[in-house]
1. Can you list the strands (runs of 3 or more DSSP E) lying wholly within region 1-107 that have 1 or more residues being hydrophobic (A, V, I, L, M, F, W, C) and out of contact with any Gly (no Cβ under 9 Å at 6 or more places or on another chain)?
2. Looking at Pro68, Pro111, which is the one that is farther than 25 Å from Lys7 by Cβ and touching a residue at least 24 places away in the same chain (Cβ under 8 Å)?
3. Quick one: how many residues across region 40-60 are acidic (Asp, Glu), surrounded by fewer than 12 Cβ atoms within 10 Å (Cβ to Cβ) and either at pLDDT 90 or above or closer than 18 Å to Gln23 by Cβ (or both)?
4. Got at least one residue in region 50-60 being closer than 29 Å to Ala91 by Cβ and over 14 Å from the mean Cα position of the chain (by Cα)?
5. Kindly provide the set of residues from region 108-136 that are closer than 14 Å to Trp14 by Cα, in contact with a helix residue (DSSP H, G or I) (Cβ under 6 Å, 6 or more places away or on another chain) and either hydroxyl-bearing (Ser, Thr, Tyr) or not in a strand (DSSP E or B) (or both), ordered by number.
6. Name the residue that is nearest to the chain's Cα centre (by Cα), counting only residues in region 77-124 that are more than 16 Å from Leu18 (Cβ to Cβ) and small (Gly, Ala, Ser).
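The values are calculated or read from the model by the stated rules, or taken from the named source; none is laboratory data. Since we're looking at a predicted model, the values are computed, not measured. When we count neighbours, we look across all protein chains shown, and the Cβ atoms used for this are built from the backbone with ideal geometry, even at glycine.
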Amino acid sequence: MKTEAMKTQGAFSWNELLTSDVQGAKAFYGELLGWVLEDAASDCMPEGMSYTMAKAGGIDRAGIMEIPAEAKANGMPPAWGSYITVDDVDAMVLRVVKLGGKICVPPQDIPNVGRFSVITDPQGAAVSLITYFDME
């Protein structure tokens, strides 16, 4: 189900942990925060990757996944990332470059979820932009 933040241009709408130890992260955050952790349907992830949904109050609040191989090869440490909803990711990345930012991951689809891109602002802070598919 699409939350209000997933429909609102400029709203922070999702948080995601990319980690080198998914099982350790699940144990830590599950115990620390009382999250209910559920593995997501495999049709949302590339072959061989898994995704865990973290629920609080019965609502999906965040995701946990292994650092992708390409990011790991580039030295990415475990980190939390945020997604900001935008009306059109492809149009937005053109504005990012025009405003002095950089595109780290060009726009691409997450099957059955949406289209996203990872960018950095002119100071180097990273964030993901996402346009969710119709998920009503």
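1. 12-19, 59-66, 79-85
2. Exactly one of Pro68, Pro111 is farther than 25 Å from Lys7 by Cβ and touching a residue at least 24 places away in the same chain (Cβ under 8 Å), namely Pro68.
3. 0
4. Within region 50-60 (the criterion being closer than 29 Å to Ala91 by Cβ and over 14 Å from the mean Cα position of the chain (by Cα)), the answer is no, since none of the residues qualifies.
5. Those that are closer than 14 Å to Trp14 by Cα, in contact with a helix residue (DSSP H, G or I) (Cβ under 6 Å, 6 or more places away or on another chain) and either hydroxyl-bearing (Ser, Thr, Tyr) or not in a strand (DSSP E or B) (or both): Val113, Ser117, Thr131, Tyr132.
6. Checking each candidate, the answer is Gly114.
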